[in-house]
Number of protein chains: 2
Amino acid sequence: MSKYYGGIEAGGTKFVCMIAGESGEVIEETRFPTGHPDETIQRAVAFFTAFETRGELAAVGIASFGPVDLNPASPSYGYITSTPKPDWGQVDLRGRIQRALDLPVAFDTDVNAAAFGEHTWTAENKELDPFVYVTIGTGIGVGVLANGAPVHGMVHTEGGHVYVPHDRERDPFPGVCPFHGDCFEGLASGPSMENRWGKRAETLPAGHPAWDLEADYIALALVNLTYSLSPQRIVLGGGVPEHAGLHEAVRAKVQRHNHAYIRSAMLADSIDEYIVAPSLGNRSGGLGAIAMAIRCAEKGEL
Amino acid sequence: MSKYYGGIEAGGTKFVCMIAGESGEVIEETRFPTGHPDETIQRAVAFFTAFETRGELAAVGIASFGPVDLNPASPSYGYITSTPKPDWGQVDLRGRIQRALDLPVAFDTDVNAAAFGEHTWTAENKELDPFVYVTIGTGIGVGVLANGAPVHGMVHTEGGHVYVPHDRERDPFPGVCPFHGDCFEGLASGPSMENRWGKRAETLPAGHPAWDLEADYIALALVNLTYSLSPQRIVLGGGVPEHAGLHEAVRAKVQRHNHAYIRSAMLADSIDEYIVAPSLGNRSGGLGAIAMAIRCAEKGEL
């Protein structure tokens with residue numbers, strides 16, 4: 001009887017592999033740096049093989065860094081596509097794991113998986129729709145669930161790169177995004193903070209003007225997500241929002257930038273339940289991959 | 001045998017009521033100015049009553065101006081809520097029509113209905129998901145379908161009011177949105193053009209700098225929608241985009257502002273199929289209401 005599920009959070013710097021039961025209880029976990037694809041995929045496969053050969057693994061989910069191809073009808077479905085990361089361009093991540101383990105393998109972006117994980121494994125999130133997960137660290141990513149499922153579409157959401165108002169008088173910094181310059185990621189990612197202020201984000205003290213500016217950019221992006229998607233909750237994760245007081249500052253500025261336009265008790269009275277920290281900490285992606293594996297085994301959905 | 005469906009496009013300036021068969025063929029249609037709610041709702045009900053009393057009407061759909069309450073569990077479900085339009089605040093639009101006709105009544109925003117109409121009645125749109133409808137006229141509205149259904153969530157999407165970059169050196173105009181000032185609607189609606197240039201949008205000639213600026217704001221908003229939602233098609237409707245050449249200018253600027261970040265043939269090679277004019281002309285909302293009525297009669301979905 002196959003009663004366990006595998007989850008892989010395939011990140012650009014590390015892979016996290018875990019095995020869990022149907023309630024999401026993790027029974028084994030490993031993490032290792034992302035090296036050459038051949039070696040990295042081999043390590044992931046080896047981790048799962050012991051369970052797989054005993055017939056105890058029902059399916060695997062992969063939460064991958066991108067860009068990826070999510071279209072099951074495409075010849076490059078399950079590939080990491082045009083990444084600048086050396087050796088990882090056009091790598092058939094899903095296919096190679098699927099063939100090695102001979103199991104059903106679900107595949108999505110790391111941020112959609114994180115949204116799905118937070119939604120699946122946290123009781124108070126289960127009924128919320130749309131549901132958005134935003135992570136702000138080295139990069140910025142946005143995962144979206146709407147009408148009960150992750151949103152894929154043309155490619156996948158790239159909400160980290162939306163344009164936000166950039167007041168160059170207040171903030172003459174041009175932004176660090178190699179594509180857009182001053183998009184959201186260009187202005188508010190960890191590297192943008194380090195570049196602008198000459199110090200790593202986590203070393204910038206409370207009260208430094210960096211944090212007020214950061215809260216404004218995040219709030220403008222969250223207002224835009226609120227208007228575009230009407231989510232019932234936004235999970236704000238990643239390293240940068242771990243700074244003490246940043247969540248509170250963002251909430252206040254979301255209310256301010258909304259100017260009481262959307263009149264919802266969620267924004268006016270319960271904003272601390274509207275914009276929340278991840279309840280799974282840094283495991284949202286991996287446990288999301290587990291949830292994807294379960295859905296894949298039960299419903300055949302990839 | 002009930003074989004006809006009613007559709008109401010309830011706008012702030014006019015109501016359009018239509019009756020159509022299951023293939024969307026309109027057999028009767030009327031339009032009248034939006035007056036006091038009592039009189040206006042009565043006129044709409046009277047239009048449908050002849051069919052209803054012969055038992056030929058299966059259901060009615062309402063595509064309403066907003067803000068509205070779309071939550072079936074809410075006591076004010078189906079109401080127009082906090083509109084500044086005199087007499088229309090807290091009006092139970094759906095309930096009054098439902099009780100007068102004693103039929104199933106589906107209810108959604110005008111823009112979600114328009115998206116649903118374009119999606120349902122245009123063969124080449126049927127499989128596209130997410131699917132976005134943007135209208136730019138007196139105001140700006142954005143309707144969204146994702147994973148097969150309109151997106152509701154906290155309230156409903158308000159994508160017309162997203163913040164877009166505002167280069168005050170190039171465009172010192174402060175914007176006309178009474179809430180946000182220089183949000184998308186504040187900078188790019190018909191009234192914003194009239195206010196900025198001192199002439200109604202439709203009288204601004206080709207080559208006037210108004211159009212290049214307008215195309216930039218629209219393109220920035222569409223890039224943001226593309227990144228946030230990954231739609232497979234965006235329908236760009238309303239009065240302003242009827243200006244000759246504006247669609248083409250917007251498409252070129254969407255490509256430019258994307259900076260080849262999202263690498264999709266849809267953006268690179270088929271952008272004239274990605275950003276399109278409404279195929280139902282000014283009937284997207286009304287025919288969307290018909291489609292909602294059919295879905296409501298068939299599946300019981302509101």
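The values are calculated or read from the model by the stated rules, or taken from the named source; none is laboratory data. Note that this is a predicted model, so its numbers are computed, not measured. All Cβ positions, even for glycine, are placed from backbone atoms using ideal geometry, and neighbour counts span all protein chains on display. Areas reflect the complete protein model, heavy atoms only, side chains present, ligands, DNA and RNA absent. Shrake-Rupley method; radii C 1.70, N 1.55, O 1.52, S 1.80 Å.
Of note:
- Summed over the stretch A:114-131, residues that are surrounded by fewer than 24 Cβ atoms within 10 Å (Cβ to Cβ) and touching a strand residue (DSSP E or B) at 6+ places or on another chain (Cβ under 7 Å) total 3.
- Applying the criterion of being touching a helix residue (DSSP H, G or I) at 6+ places or on another chain (Cβ under 8 Å) and closer than 23 Å to residue B:4 by Cβ to the residues of the stretch B:84-101, the residue that is most open to solvent (accessible area, probe 1.4 Å) is B:96.
- Residue count for the stretch B:70-82 satisfying the condition of being part of a loop (DSSP other than H, G, I, E, B) and either free of Cβ contacts under 8 Å to residues at least 40 places away in the same chain or farther than 12 Å from residue B:152 by Cβ (or both): 9.
- As for the stretch A:253-263, it holds no residue that is modelled with pLDDT of 95 or more and within 18 Å of residue A:122 (Cα to Cα).
- Residue B:273 meets all of the listed conditions (1) touching a residue at least 40 places away in the same chain (Cβ under 8 Å); (2) in contact with a His (Cβ under 9 Å, 6 or more places away or on another chain); (3) among the charged types (D, E, K, R) but one, namely (2).
- Some residue of the stretch B:244-260 being assigned to a loop (DSSP other than H, G, I, E, B), open to solvent by 30 Å² or more (accessible area, probe 1.4 Å) and on the phi < 0 side of the Ramachandran plot: yes
- Matching option when the condition is in contact with a Cys (Cβ under 6 Å, 6 or more places away or on another chain) and either more than 30 Å from residue A:230 (Cβ to Cβ) or assigned to a strand (DSSP E or B) (or both), among B:44, B:63, B:59, B:50: B:59
- Residue in the stretch B:132-142 that is nearest to the other protein chains (Cβ to nearest Cβ), counting only those that are surrounded by 22 or more Cβ atoms within 10 Å (Cβ to Cβ) and within 17 Å of residue B:211 (Cα to Cα): B:140
- Top-ranked residue of the stretch A:268-282 - restricted to ones that are away from chain B (no Cβ under 14 Å) and modelled with pLDDT under 95, ranked as nearest to residue A:103 (Cα to Cα): A:282
- Failed condition for residue B:301, given (1) exposed (fewer than 15 other Cβ atoms within 10 Å of the Cβ); (2) assigned to a helix (DSSP H, G or I): (2)
- For residue B:234, the requirement of being over 23 Å from the mean Cα position of the chain (by Cα), crowded, with 20+ Cβ neighbours inside 10 Å and either free of Cβ contacts under 8 Å to residues at least 40 places away in the same chain or within 11 Å of chain A (Cβ to nearest Cβ) (or both) is not met.
- Selection within the stretch B:10-19 - open to solvent by less than 50 Å² (accessible area, probe 1.4 Å) and at pLDDT 95 or above: B:10, B:11, B:15, B:16, B:17, B:18, B:19
- Residue match in the stretch B:212-227 (condition: over 22 Å from the mean Cα position of the chain (by Cα) and touching a residue at least 24 places away in the same chain (Cβ under 8 Å)): yes
- Every pair of residues 6+ apart whose Cβ atoms lie under 9 Å, when the first sits in the stretch B:37-64 and is of a type in the set (Lys, Arg) while the second is open to solvent by less than 30 Å² (accessible area, probe 1.4 Å): B:43/B:15; B:43/B:17; B:43/B:32; B:43/B:35
- Residue within the stretch B:180-199 that is facing chain A (nearest Cβ under 7 Å) and crowded, with 16+ Cβ neighbours inside 10 Å present: yes
- Top-ranked residue of the stretch A:20-35 - restricted to ones that are assigned to a loop (DSSP other than H, G, I, E, B) and open to solvent by less than 90 Å² (accessible area, probe 1.4 Å), ranked as farthest from residue A:287 (Cα to Cα): A:35
- When residues of the stretch B:143-174 are limited to those that are more than 7 Å from chain A (Cβ to nearest Cβ) and open to solvent by less than 20 Å² (accessible area, probe 1.4 Å), the one farthest from the chain's Cα centre (by Cα): B:171
- Search result, residues across the stretch A:213-229 that are within 11 Å of another protein chain (Cβ to nearest Cβ), small (Gly, Ala, Ser) and farther than 16 Å from residue A:146 by Cα: A:219, A:221
- Search result, residues across the stretch B:36-58 that are surrounded by 12 or more Cβ atoms within 10 Å (Cβ to Cβ) and of a type in the set (Gly, Ala, Ser): B:44, B:46, B:50, B:58
- Flag: residue A:285 matches the condition of being touching a residue at least 60 places away in the same chain (Cβ under 8 Å) and closer than 20 Å to residue A:130 by Cβ.
- Residue within the stretch B:90-109 that is touching a residue at least 60 places away in the same chain (Cβ under 8 Å), at negative phi and within 14 Å of chain A (Cβ to nearest Cβ) present: yes
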